[in-house]
Amino acid sequence: MNRPGLWLGLALILVTNAFVLTGVAYNRSTEPEAVIHLTERELNLSFSVEENTGISLLLVWHQPQSGIYARVEGPGWLDQAKLESLGFDCSTPLTDLEAEWRYRKALPRKAYVVFEYEGKGWQNLLDTTEQNIERIAHQIERKERSPEVLKNAREELDRLRNTGSRLVAVDAGSDPFRLRQLYPDRHRFIVLPAEVNLQYVPQTSNKTGIHHAYLFGRISELPRPEIHVPMTHRSLLEKIRNEEQQAGRASRYSSRWEKDQEPRYSVVVNYGKRREPWIVDVQLLPAPKRERTQNKS
Amino acid sequence: MNDSNKPRIPLNRAHAQQRVDRIKAFQEELEQLEHEHNFALQDEQRHQLERHHEKILAELAKLFDVDTSATQKQMSMGMRIASFLGALALAASVFFFFYRIWGLISTSVQVLILISAPILAVLGVEIISKREKYPYFTSLIGLVAFACFVLNLSVLGSIFNISPSQNAFLAWAALAMILAYGYGLRLLLVAGILCLLFFLSASVGEWGGMYWLSFGLRPENFLPAGIFLFFLPAFAAHSKYPDFPGYYRLFGMLTVLIAILILSHWGEGSYLMLPPMDVKVLYQLLGFAVAGITIWAGIRWHWQGVTNLGSTFFVIQLYTKFYDWWWEWMPKYLFFLVVGLVAILLLNIFKRLRSHLAQASA
């Protein structure tokens, strides 16, 4: 190889890495964009594979129209107006014959989503789920559904209340700085880039009447849903993961806890200027309920 | 023949191998002629010719490590396959080794290893290339260097939770191309072409307003990239590596044809705001047209790989149409009979075309 080519190759490697690391430094420079204290409910431990010694935590969150028993009638806050503000083309009338195939072709778009921790969004989610349970109970009285459905719905509400993530998507927009102005509390709201899909619900009719067609948005994924745990903070999590594996409870993510299991750890996560996270602290949580349960047995 | 005339030295190994193959063919044809037509050179002419050819073959073998016999050619093919498989295995080993140890080392050590690995591998490529004429081991280490660089950027992204970007494909393509053109490595050229393809397609998707991670949802994102790659060699001379343009054309056209084939069966996946059935028909017609043009271009400019590719896709398009039209209602024996008869018809058409071309060139 001619010498310039060799140096070009080496320079490419060094320059690319310098560029990446400079971006990391920039993200972590000055005051974090958000600092948030989460628990195991919001950050699930990843499953261990022998070939991969890294540990990461998966960010778990809720959005409108999420959960089988928490489905609302209508689009929620990610409605047609919000979708149009995000750049989706919603000009085809919903009653048009071509509406269904046109809207099904809509491509996902990048948007910034506001996630709220243990606030009104979380309370609304619980309220909606409870309302859904009441509705199911009435349907059972009219013998329209089986009692098993109600039992499952109540179990799901228990799981949500006791062990479910309290992080809920509450707003979206194209300008993250504008969203931060609207939600200035950096310890309760995180503004993250996400992929948003447009969903079309056609008109339906049943015993309760005619339900008109509508559009709603669905937050399909975050660019980086997992947060890597650096070596300085992994010992506690590694111990918990090993206990899980020995007890035979390991699944892809240890999110299917026992009903009486409290979160075992808390995590402090910083989000930087580029809205990329890093873990700054991991602490073991006291487990009074867990101990009382064990003592009882 | 003047013995003092020195043979002209070819520019590269490909030309050298072609010269060796021509000499061997000439020797075999001369022997055949002597046997069939009682034709013989004078002894002095024969000796001069043999000495001249021996000299050329020795010189070329020394300079370019060419294959001077059929056995050597088979051995070389085996070595190339072994080099490829070895490279894949070593690349996988690098990946798994790092994932095995990274959780046990500090961030700074992780970063150091990730940056050092591709640098050391590239230096290794340079050192090894000086020790061999044909790049068997160079190709192997080159692929490992590429794998180390892929690991480098991927894992840095995981460690620091960086949002993924399509620019990583551009960086990977750049290194692959530098190694390919620096050392004549075909495998690295293919890796570079594929990375460039993904970068261009993802960028086209992003410019169209979609989130780049979902660029695969629209096969049309691949069309501009495929066309660009196909025509790229026309703007850059490849005197040192005359076989490289063939790879660009092959992968460029393959990309275009696969995208069209997918859209001819999946109308929902098109940017075009037309009913899915209309889109399917449009791309089916386009598929036949593009396959036909590809065959013509391959014949016109003597691009054999391109001709074969066009022919293959033409047949695939045809047979998938037959399946769509007749599979459900036609008895199976009749379906396969029709397909076989169409194959015979195509064979006759190509045979007549071949004769016509032979007459035209005569």
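The values are calculated or read from the model by the stated rules, or taken from the named source; none is laboratory data. Quick caveat: nothing in here was measured; it's all calculated off a predicted structure. Glycine also receives a Cβ, built like all others from the backbone with ideal geometry; neighbour counts cover every protein chain displayed.
Kindly evaluate A:Arg218 against the criterion of being over 30 Å from A:Leu107 (Cβ atoms) and either in contact with a Ser or Thr (Cβ under 9 Å, 6 or more places away or on another chain) or at pLDDT below 90 (or both). Taking the combined requirement at face value, the residue does not satisfy it.
Looking across the range B:233-262, the residues that are of a type in the set (Ser, Thr, Tyr) and assigned to a helix (DSSP H, G or I) come down to B:Tyr247, B:Tyr248, B:Thr255. Of all the listed residues (B:Val125, B:Val204), the sole one being in contact (Cβ under 8 Å) with a residue 40 or more places away in the chain and either more than 10 Å from chain A (Cβ to nearest Cβ) or among the hydrophobic types (A, V, I, L, M, F, W, C) (or both) is B:Val125. Consider A:Ser220 carefully, then state whether it is within 28 Å of A:Asp79 (Cα to Cα), within 14 Å of chain B (Cβ to nearest Cβ) and more than 15 Å from the chain's Cα centre (by Cα). So A:Ser220 does not fit the description; no.
Among the residues making up the range A:225-240, those that are outside any loop (DSSP other than H, G, I, E, B), in contact (Cβ under 8 Å) with a residue 60 or more places away in the chain and within 11 Å of another protein chain (Cβ to nearest Cβ) are A:Glu226, A:Ile227, A:His228, A:Arg234, A:Leu237, A:Glu238.
Scanning the range A:70-89 for residues that are in contact (Cβ under 8 Å) with a residue 24 or more places away in the chain and within 14 Å of another protein chain (Cβ to nearest Cβ) yields A:Leu83, A:Leu86, A:Gly87, A:Phe88.
The combined condition, being more than 22 Å from A:Gln203 (Cβ to Cβ), modelled with pLDDT under 90 and surrounded by 17 or more Cβ atoms within 10 Å (Cβ to Cβ), is not fulfilled by A:Ala137. Each residue in the range A:70-89 was checked for being closer than 26 Å to B:Pro276 by Cβ, at pLDDT 90 or above and crowded, with 17+ Cβ neighbours inside 10 Å, and 3 pass. Checking the conditions here, which among B:Tyr283, B:Tyr271 is assigned to a helix (DSSP H, G or I), in contact with a helix residue (DSSP H, G or I) (Cβ under 6 Å, 6 or more places away or on another chain), of a type outside the set (Gly, Ala, Ser) and surrounded by 14 or more Cβ atoms within 10 Å (Cβ to Cβ)? Only one candidate qualifies: B:Tyr283.
Of the residues making up the range B:285-341, those that are more than 18 Å from B:Leu357 (Cβ to Cβ) and among the charged types (D, E, K, R) are B:Lys321, B:Asp324, B:Glu328, B:Lys332. Residues of the range A:110-143 that are of a type in the set (Val, Ile, Thr) and either touching a residue at least 24 places away in the same chain (Cβ under 8 Å) or in contact with a Phe, Trp or Tyr (Cβ under 6 Å, 6 or more places away or on another chain) (or both): A:Val113, A:Val114, A:Thr128, A:Thr129, A:Ile133, A:Ile136.
In the range B:216-229 there is no residue that is small (Gly, Ala, Ser), at the interface with another protein chain (Cβ under 10 Å from one of its Cβ atoms) and surrounded by fewer than 20 Cβ atoms within 10 Å (Cβ to Cβ). Summed over the range A:208-217, residues that are surrounded by fewer than 17 Cβ atoms within 10 Å (Cβ to Cβ) and in contact (Cβ under 8 Å) with a residue 40 or more places away in the chain total 4. Does B:Arg100 meet the test of being among the charged types (D, E, K, R), surrounded by fewer than 18 Cβ atoms within 10 Å (Cβ to Cβ), more than 19 Å from A:Ala11 (Cβ to Cβ) and facing chain A (nearest Cβ under 7 Å)? Considered against the rule, which asks whether it is among the charged types (D, E, K, R), surrounded by fewer than 18 Cβ atoms within 10 Å (Cβ to Cβ), more than 19 Å from A:Ala11 (Cβ to Cβ) and facing chain A (nearest Cβ under 7 Å), B:Arg100 comes out as yes.
Scanning the range A:172-196 for residues that are surrounded by fewer than 19 Cβ atoms within 10 Å (Cβ to Cβ) and within 16 Å of the chain's Cα centre (by Cα), we see that the one that is farthest from A:Glu42 (Cα to Cα) is A:Pro193.
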